[in-house]
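Before any comments, here is the structure.
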């Protein structure tokens, strides 16, 4: 990511101004960010959901800012996994269907991989449950599985443990990191929790990276 | 795979909003069934009325309304406009342009079912012909042939005797002294003929209380005493003409130059006039039902627009997973089409049920048999129109989804 500037129409100045940010393949990077620091905007820019006003964002050698919306959607579906603070599982779909739809939108909907994920995450007996019938920990595991079911090269995690207690948060973090390692995906995790970020070998403070805040 | 995902997301969404979806689909079903029923009855009514003329081309009757004459003679509805003296019957029977002339006399009933006095030729002359389930035509003045519906409803059987009542409407205090014996029961014809009791003309003439005024002077028939032809009178004469030109000639002679009789000719045109008179009512009914359909379609649109608000996050998640705007629009469009399809299918089932009830009621009221399964243009036009409206009703929410941005919904 180089010389990226993002401004919202409602704001006076840019919300993000990041001169440079790099993440190597399979690398894990923690980003510290307070609420309103622009962390979600940053992740949305990397995912191609938002476009910067200027600058470039390359993922796997492809500049997201040069792709049209449909191409960015397709690219995101195939190469990026997303874990949200509120898990954002589709409420009308079962566990299995949540995973299958994510895989299908990336053009892969192989049942074997979904089955292996359910087995790995001990969710086999919950496969036909709707998210509302799952515990928070189970929802978290499904969200992790969904982010990785389509072999992404990059997983973006936006406060993935924000809704969990300390013990569950630690378990969830370990699961997310181990799954990313197994899948060979890089992980960019944004959190405000120092206990979470302290476990990362590489981490930055978004308020230092973001010159719009300084 | 994408199509399967589209189907899955849409179907699950419908399941989640099944109450709202069902109510909307039901309103479409209601509107569709009403339009189909009105279309079917209108389409069949013209065919049924035009096709049940018994092979006759015209009806000769007293001076009055042609439509009234046709309705009372062939469909056994309405009163006769008046009586026709026997000399006119004789004159028309001798007319070289007429190949068949069958007189009939009305004015009595049995438990509300009309009694028609006529000649025994009536049964053999009627096209496509009457079949007797039991017995045969009457031979004597105190005999009767009963239509299938009358036999079924009144329980009259072969050999039974009954006393008629005076007037076309049943009045228990107006019973005639004479009794008539059932000598024939007709097979069902699914026409108004099933709701009639036939007796010989002379049987009508000789019923107690009847006063004949064939040529102006009153004559009361007495038992054993012949009735002079000059005193006889009938309600009308069914006519089979030798050619269409004969109809024009008789029309000129009777309707334009004459002043004492009416020739209802051609029957098909007179029947179509009836439908023209009722056209405004049919159009009003159709307009009402179309409005119901439009309101139902608008409710599909409103219902989907309402759910968009609560589904903002769901759509944002899908977009984060890589779904394109087109995919989300397709979800809404497909949902709208499925609700309409469900409503239309429900409407078709409701229509069959409604037709079953309406046809039974019409059969009971008029003797006319409508077919609940009859094919008519509405069967194609109405579902096609409903689906087109369903498609249109999905456009607004589809466009709203297409235009909606992703990030604020996901994080807002």
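Nothing in this text is a laboratory measurement; each read-out follows from the coordinates by a stated rule. Only a predicted model underlies this, so the values are computations on that prediction, with no experimental measurement involved. No Cβ is skipped: glycine too gets one built from the backbone with ideal geometry, and neighbour counts run over all protein chains shown.
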Calculate how many DSSP beta bridges within the protein assembly as shown are antiparallel, expressed in % of all such bridges and rounded to the nearest 5.
60 percent
Rounded to the nearest 10 degrees, the helix B:267-310 long axis (Cα) sits at an angle to the longest Cα principal axis of chain B of 20 degrees
In whole Å, largest first, what are the principal axis extents of the Cα atoms in the protein assembly as shown?
129, 49, 37
Expressed as an acute angle from 0 to 90° and rounded to the nearest 10, what is the orientation of the C-alpha long axis of helix B:378-403 relative to the principal long axis of chain B?
20 degrees
Quick one: among B:34, B:326, B:396, which has the greatest mean-square fluctuation in a GNM of chain B with alpha-carbon springs under 10 angstrom?
B:326
Tell me the relative contact order for the range B:90-238 as a rounded percent, counting alpha carbon contacts under 8 Å between residues six or more apart.
30 percent
Quickly estimate the mean residue ellipticity at 222 nm for chain A, helices only: each DSSP H run with n ≥ 4 gives -39500 (n - 2.57), and the total goes over all residues, rounded to 500.
-11000 deg cm²/dmol
When B:39, B:22, A:116 are ranked with the fewest other C-beta atoms within 10 Å first, the list becomes A:116, B:22, B:39
Using only the alpha-carbon atoms of the range A:49-201, report the extent along each of the three principal axes, biggest first, to the nearest angstrom.
45, 37, 26
When a/c reaches 1.5 or more, the comparison of a/b and b/c decides; with that in mind, is the range A:1-75 rounded, prolate or oblate per its Cα gyration tensor?
oblate
Taking Rh as the Kirkwood radius, which is the inverse of the mean 1/r over Cα pairs, what is the Rg/Rh value for chain B?
1.22
Value of [θ]222 nm, deg cm²/dmol, for chain B, DSSP H segments ≥ 4, -39500 (n - 2.57) each, nearest 500:
-17500 deg cm²/dmol
What does the C-alpha gyration tensor say about the overall shape of the range B:134-189? Classify as rounded when a/c is under 1.5, otherwise prolate if a/b is larger than b/c, or oblate.
oblate
Could you identify which residue out of B:225, B:181, B:309 has the top mean-square fluctuation in a GNM of chain B using Cα springs shorter than 10 Å?
B:225
Taking a ≥ b ≥ c as the square roots of the Cα gyration tensor eigenvalues, with a/c under 1.5 meaning rounded and otherwise prolate when a/b beats b/c or oblate if not, the range A:159-214 comes out oblate
Among B:331, B:380, which comes first, second and so on when ranked by fewest other beta-carbon atoms within 10 Å?
B:380, B:331
To test your reading of the geometry: what angle, between 0 and 90 degrees and rounded to tens, separates the Cα axis of helix B:18-50 from the longest principal axis of chain B?
30 degrees
Can you tell me what the convex hull of the Cα atoms of the range B:363-406 projects to on average, as an area in nm²?
5.2 nm²
If you wrap a convex hull around the C-alpha atoms of the range B:90-238 and split its volume per residue, what is the figure in Å³?
113 Å³
Ranked A:105, A:187, criterion: other C-beta atoms within 10 Å, fewest first:
A:187, A:105
